[in-house]
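Novice: I'd like to ask some things about the structure below.
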Amino acid sequence: MYGYMDHLCQQFYRCTDWNEDNSYANVIETARNLIDFDIPDGASLIVSSQSSKNSFTSYTLSNLGMVNGSVAYLYSSRPLTTIEPSREIPLQELVSSYRILKPLNPPPDPIFWQQWHAGVRVDRKDTLLYGRLFLPGNSLEALLVRRLSPKSQLLVTCVSDNQIKNKGAITFNLQRDNGKWRNEIIYSTYESLIGYRGMYNIGFEESPSSSTNRSKVSPPVSRLAFGLEVFYGIASKSPGFSTAMRYTTQSAYTGTPLTLTLMSNPLMGHISATYAVRTTNASSFASRFDFNVYSYISDLSIGCEIWRKGAISSAVNSVEPPLPTDFSGVFKASTSLNSRKLRLLWEGRYKEILISTGAGISLSPRTPLATSVGIELQYSS
């Protein structure tokens, strides 16, 4: 389940018309959500509040052998008017599940970003600021998102921790997205890392810039995307390279939604193929096959999710795109041949509390039955 601050970042991207589905970092997001989902470790309590439409706070208290916690604050220059409290927000907005990709639309003309008052431009570039302090270790993480134009934005992430090299690191990510192409230039002070990510979409048709004409054009029912990632660590003199291909159907009304991906890392000899299908509105299935051409080691992983329907919430109709129905909970399960471990997770809502609980169960007789057990409670007002 997404944390409160992660949900706010997603809403900021939505309000500023930024499509994160078109990023190379999310090319295998669907299979990852169904197979490699996170299981809570220990017991955690997260309490969040909305001070205004622009500022939010969150407090975390957890017990992982010792009691620790964190304090987080987020500010958005764009008012986030779609944020709902935990008792009303649709569960599908918070659970990382099968992703129906958003249609690709060309960015609006920059002239629509201009705001004039008395002959003077008064528009401002949208900005998001986020900071989180971990206690008692005094570690700090921060995020800056700055929209530069309808086609570009800058991400700056920072981390300060005594346990990492140079006591901290800063990463700059300049992103440019025109719908068909997505380019990212990355630099990190950690190991002096420089990199490039790119995505190219086939099945994208430029629609008229007018919102009226655009609404009359039906988006393609399928999309094929190619991407690559290149990194080089100057300090360690270590390169990195990977390529990926993704085919996905866009709509649940044109057939069974499915996602196929193929990713390779030529330097390491690793190849990974995934297949994910949304069988119904309440169930999805995914499989992944990994193979290394140098060591001949292979692995097969499978995962699924099943949603439990509940009473329809009034908040469902306010979500864009509209959700098919509301659900009261979701059950996930995954396993792989090599790990011999069964991962179970249930996420749902009890009154005003969001609950995420799960366990890792070993299928090998030489290890303990339960390798990890945890529960996480979230409340927001």
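Novice: Excluding Phe231 itself, calculate the net charge of residues whose Cβ lies under 15 Å from the Cβ of Phe231, where each Lys or Arg counts +1 and each Asp or Glu counts -1.
Specialist: Counting the neighbours of Phe231, the net charge comes to -1.
Novice: Per DSSP H run of n ≥ 4, the term is -39500 (n - 2.57); total these for the chain, divide by its residue number, and report the mean residue ellipticity at 222 nm rounded to 500 deg cm²/dmol.
Specialist: Rounded to the nearest 500, it is -1500 deg cm²/dmol.
Novice: Scan around Ser139 for amide H atoms under 5 Å from its own, H built in the peptide plane at 1.01 Å from N, and keep only partners 5 or more places away or cross-chain.
Specialist: It is Phe134, by chain and number.
Novice: Answer with a single label: of (1) 0.95; (2) 1.16; (3) 1.08, which was calculated as Rg/Rh (Cα atoms, Kirkwood Rh) from the structure in view?
Specialist: Recomputing Rg/Rh (Cα atoms, Kirkwood Rh) here gives the entry labelled (1).
Novice: Between Ile164 and Lys351, what length comes free when the chain is fully extended (0.36 nm per residue of separation minus the Cα-Cα distance, one decimal in nm)? Let's see the in-between values first.
Specialist: Values: separation 187, 0.36 × 187 = 67.32 nm, distance 4.09 nm.
That pair, Ile164 and Lys351, stretches by 63.2 nm at full extension.
Novice: Which whole-number percentage describes the relative contact order of the chain, with Cα contacts under 8 Å and a sequence gap of 6 or more?
Specialist: About 16 percent, as a whole number.
Novice: May I pose another question? Applying the Karplus parametrisation 6.51 cos²θ - 1.76 cosθ + 1.60 with θ = phi - 60° to the phi angles of the range 167-176, what ³J(HN,Hα) value in whole Hz is obtained for each residue in order, glycine and proline being reported as x?
Specialist: 6, x, 7, 10, 10, 10, 9, 9, 10, 9
Novice: May I pose another question? Around Ile186, what is the net charge, scoring Lys/Arg as +1 and Asp/Glu as -1 over all other residues with Cβ under 12 Å from its Cβ?
Specialist: Working: positive: Arg197; negative: Glu184, Glu229.
In short, -1.
Every number in this text was worked out from the coordinates using simple rules, so none of it is lab data. Not measured: the values here are computed from a predicted model. Please note: Cβ atoms are built from the backbone with ideal geometry, for glycine as well, and neighbour counts cover all protein chains shown.
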